[in-house]
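Novice: Questions regarding the structure given below will be posed in turn.
The values are calculated or read from the model by the stated rules, or taken from the named source; none is laboratory data. Note that the structure is predicted; figures quoted are calculated from it, not measured. Don't worry about glycine lacking a Cβ; one is built from the backbone with ideal geometry, like all the others, and counts go over all protein chains shown.
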Amino acid sequence: MSLMNEIHYELRRKKLLDSLEEGVVILSSAPQKIRSNDTEYPYRQNSDFYYMCGFKEDNALLVLIKTKEATKSILFVEPYNEEHALWNGARLGIEKAKETFRVDEVHDINHYTSLIKDVLREHIALYIDLFDDSSWIVQAKNSAKELHETRGVKRHIRAIYDVTHLIRTQRLIKSQEEIQLIKKAIDLTAKAHHEAIRASNAGMYEYELQAKMSYIFLSNGAACEAYGAIVAGGNNANTLHYIDNRDVLSDGDLVLIDAACEWELYASDITRTFPVNGKFSEAQRSVYEKVLDVQLKVIAAMKPGVKRDWLQNYSEELLCQALIELGILSGECKTLLEEKAHKKYAPHGIGHWMGLDVHDPCPYVDDKGESLRFTPGMVMTIEPGIYIRADDVTVDEKYRGIGIRIEDDILITEDGYENLSAMIVKTVEEIEAMCMGEVL
Ligand code: GLY
Ligand code: MN
Ligand code: MN
């Protein structure tokens with residue numbers, strides 16, 4: 001049974017309407033996408049739409065209306081259809097949607113076109129996702145513009161606003177129920193990483209480790225990976241978005257795995273890097289321990305009130321210092337940071353919000369453009385990495401081809417943080433013991 005219930009969605013809609021002036025909000029479901037010819041990608045609902053109503057079908061719209069006197073919520077859905085039920089499965093339909101969702105009205109999506117112009121005629125503002133190019137939203141925008149330009153209409157739309165910022169600001173702070181769903185995703189992801197660490201052997205293919213992890217996700221009920229899995233042996237780890245996963249794993253190399261599952265639309269996002277043959281070389285170990293040290297220090301600094309920007313700068317200082325200590329960079333840390341010299345080996349940010357989307361599109365700055373301060377309920381990944389390409393002749397040969405990232409999912413709590421993925425092995429000793437088959 002889902003942890004979320006209709007009351008949660010109703011409260012979110014109320015909060016959204018409380019945060020805006022009079023007007024009409026229209027949110028659309030995600031389109032069904034064609035993969036090739038007449039086969040489709042597995043369907044995944046639009047996160048903002050889902051956050052506001054919990055409806056998982058396509059061809060649906062949520063319309064929220066706010067006047068000075070009252071509010072109204074309307075869900076537009078596809079009616080039940082025998083043909084669709086035969087080929088693709090039964091739709092919930094209008095009557096059942098009325099029974100299930102705590103909205104004021106449920107209508108047939110096919111009536112949206114004729115209804116929306118009349119709805120907009122009565123109101124002064126339209127709130128939409130400005131980047132949504134679905135025909136419903138384009139139609140609403142066009143109707144609003146037409147009404148705006150029509151003389152003699154008593155009350156008509158005066159402005160079109162973006163609604164996503166308001167929704168995504170709500171999405172920043174996760175409820176207890178959302179945290180439970182993220183934890184469930186992480187639990188399965190932890191099992192999958194441990195399985196990969198135990199199974200790894202020279203001569204295996206990257207995709208074999210991916211398959212072992214996918215088996216754990218799917219056989220335990222997760223719908224899918226939260227993002228395209230990265231299983232990168234050796235120098236492949238230095239391609240940040242390597243998702244080919246077709247190479248053989250070589251003795252003496254590391255393998256970087258950035259893979260995680262989605263549970264009830266909530267993501268997890270975990271990276272571990274370990275030796276293919278179970279034993280870190282001296283050079284691999286020294287880089288690994290630097291990355292781990294940076295990660296632990298950054299996580300330890302997380303607590304309410306700390307600015308996300310400060311954490312980013314702090315992580316860059318730590319990574320730059322680590323690169324100096326390894327002998328990969330030389331010079332004054334301050335100067336190297338100013339020159340952004342560390343970016344060659346540590347090019348990406350320290351982390352991102354995570355929730356319904358693996359890269360949750362919640363704001364990073366407040367309305368004044370100031371970096372947000374951490375607040376209990378926020379979830380952010382912490383994922384420092386050092387990447388040294390095999391063809392980088394400016395670096396000592398022993399380091400070439402090493403790419404290491406360590407990533408955990410961190411919840412901000414009242415008095416600090418909780419590492420939601422703390423159960424996944426991470427020290428050199430733990431990883432080597434697990435590779436050797438020791439039960440941890
Ligand atoms: N897995 C994507 C990321 O770490 O941001
Ligand atoms: Mn990440
Ligand atoms: Mn990741």
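Novice: Only one of these conditions is not met by G152: (1) farther than 30 Å from R13 by Cβ; (2) within 22 Å of the chain's Cα centre (by Cα); (3) at pLDDT below 95. Which number is it?
Specialist: Tallying (1) farther than 30 Å from R13 by Cβ; (2) within 22 Å of the chain's Cα centre (by Cα); (3) at pLDDT below 95, G152 fails exactly one: (2).
Novice: What tally of residues in the stretch 396-440 results from selecting those that are touching a Gly at 6+ places or on another chain (Cβ under 6 Å), under 20 Å from T189 (Cβ atoms) and exposed (fewer than 14 other Cβ atoms within 10 Å of the Cβ)?
Specialist: 0
Novice: Then there's this: Taking the residues in the stretch 61-110 that are in contact with a helix residue (DSSP H, G or I) (Cβ under 7 Å, 6 or more places away or on another chain) and of a type in the set (F, W, Y) as candidates, determine which candidate is surrounded by the fewest Cβ atoms within 10 Å (Cβ to Cβ).
Specialist: Only one residue fits best here, namely Y80.
Novice: How many residues does the stretch 336-357 contain that are surrounded by 22 or more Cβ atoms within 10 Å (Cβ to Cβ) and more than 15 Å from ligand 2 (Cβ to nearest atom)?
Specialist: Residues meeting the conditions: 2.
Novice: A further question follows. When the stretch 338-357 is examined, which residues are found to be more than 23 Å from L292 (Cβ to Cβ), in a loop (DSSP other than H, G, I, E, B) and more than 13 Å from the chain's Cα centre (by Cα)?
Specialist: E339, K340 - these are the residues of the stretch 338-357 that are more than 23 Å from L292 (Cβ to Cβ), in a loop (DSSP other than H, G, I, E, B) and more than 13 Å from the chain's Cα centre (by Cα).
Novice: Being of a type in the set (D, E, K, R), surrounded by 17 or more Cβ atoms within 10 Å (Cβ to Cβ) and outside any helix (DSSP H, G or I) narrows it down to one of D391, D360, so name that one.
Specialist: The match here is D360.
Novice: So which residues in the stretch 226-278 are more than 11 Å from ligand 3 (Cβ to nearest atom), within 30 Å of S29 (Cα to Cα) and not in a loop (DSSP other than H, G, I, E, B)?
Specialist: Scanning the stretch 226-278 gives C261, E262, W263, Y266.
Novice: Next question, about the same structure. Restricting to the stretch 374-400, and then to whatever is of a type in the set (A, V, I, L, M, F, W, C) and more than 30 Å from N419 (Cβ to Cβ), can you tell me which residue is nearest to ligand 3 (Cβ to nearest atom)?
Specialist: A390
Novice: To continue, here is another question. Go over the candidates A202, A196, A223 one by one and state the one that is away from ligand 1 (no atom under 14 Å from the Cβ), farther than 20 Å from D409 by Cβ and of a type in the set (A, V, I, L, M, F, W, C).
Specialist: Matching residue, one of A202, A196, A223: A202.
Novice: Which one of these does M436 not meet: (1) within 16 Å of ligand 3 (Cβ to nearest atom); (2) closer than 15 Å to V276 by Cα?
Specialist: (1)
Novice: Something else now. Among what's in the stretch 1-48 and is touching a Phe, Trp or Tyr at 6+ places or on another chain (Cβ under 8 Å), β-branched (V, I, T) and in contact (Cβ under 8 Å) with a residue 12 or more places away in the chain, pick the residue that is nearest to L120 (Cα to Cα).
Specialist: Within the stretch 1-48, the match that is nearest to L120 (Cα to Cα) is V24.
Novice: If only one of I410, I404 is assigned to a strand (DSSP E or B) and under 17 Å from K290 (Cβ atoms), which one is it?
Specialist: I404
Novice: Restricting to the stretch 312-355, and then to whatever is away from ligand 3 (no atom under 16 Å from the Cβ) and in contact (Cβ under 8 Å) with a residue 60 or more places away in the chain, can you tell me which residue is farthest from I179 (Cα to Cα)?
Specialist: G327
Novice: Follow-up question, since we're still on this one. Pick out, from the stretch 17-133, the helices (runs of 4 or more DSSP H) lying fully within it that include 1 or more residues that are over 23 Å from D162 (Cβ atoms).
Specialist: Of the helices (runs of 4 or more DSSP H) lying wholly inside the stretch 17-133, those with at least 1 residues that are over 23 Å from D162 (Cβ atoms) span 82-87, 93-100, 112-121.
Novice: If you don't mind, there's one more thing I want to ask. Which ones in the stretch 372-388 are surrounded by fewer than 17 Cβ atoms within 10 Å (Cβ to Cβ) and part of a strand (DSSP E or B)?
Specialist: R373 - this is the single residue of the stretch 372-388 that is surrounded by fewer than 17 Cβ atoms within 10 Å (Cβ to Cβ) and part of a strand (DSSP E or B).
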